[in-house]
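Enquirer: Quick one: the structure is below, questions incoming.
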């Protein structure tokens, strides 16, 4: 599929995004290299980063606004895995439940 974007503008946009991403990562390395101790407020906020990243990666795979792309097997498995995660706070139990339910539902349907 061809785009109507100018190749030079596209290359500049890609390079700019790459430089900004690198600068953002480098700023954290430089900042925490100069600090002796991480401030308690920042440390409290950083505790939520892994959960937020995992949710951002996992949630779109089984929740969608497009009715044609909705997969009920993934939604059921994800919902049950979320319930197990909430109740047990055990990563292995969550993964085992999600994958187990997904396989059972796909086998039965």
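The values are calculated or read from the model by the stated rules, or taken from the named source; none is laboratory data. Source: prediction; values computed, not measured. Positions of Cβ are backbone-derived with ideal geometry, glycine not excepted, and every protein chain shown enters the neighbour counts.
Enquirer: Looking at the range 84-97 only, could you name the residues that are surrounded by 12 or more Cβ atoms within 10 Å (Cβ to Cβ) and not in a helix (DSSP H, G or I)?
Expert: 90
Let's see how each residue does on (1) exposed (fewer than 10 other Cβ atoms within 10 Å of the Cβ); (2) in contact with a helix residue (DSSP H, G or I) (Cβ under 8 Å, 6 or more places away or on another chain):
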position: 21; (1), (2): no, no
position: 29; (1), (2): yes, no
position: 40; (1), (2): yes, no
position: 52; (1), (2): yes, no
position: 63; (1), (2): no, yes
position: 77; (1), (2): no, yes
position: 99; (1), (2): no, yes
position: 109; (1), (2): yes, yes
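Enquirer: Moving on to the next point. Can you confirm whether the range 40-53 contains a residue that is at pLDDT 80 or above, more than 22 Å from residue 91 (Cβ to Cβ), out of contact with any strand residue (DSSP E or B) (no Cβ under 7 Å at 6 or more places or on another chain) and not in a helix (DSSP H, G or I)?
Expert: Checked the range 40-53: no residue is at pLDDT 80 or above, more than 22 Å from residue 91 (Cβ to Cβ), out of contact with any strand residue (DSSP E or B) (no Cβ under 7 Å at 6 or more places or on another chain) and not in a helix (DSSP H, G or I).
Enquirer: Looking at 67, 81, which one is in the same structural domain as residue 109 (by TED's automatic domain parsing) and exposed (fewer than 10 other Cβ atoms within 10 Å of the Cβ)?
Expert: That would be 67, the only listed residue that is in the same structural domain as residue 109 (by TED's automatic domain parsing) and exposed (fewer than 10 other Cβ atoms within 10 Å of the Cβ).
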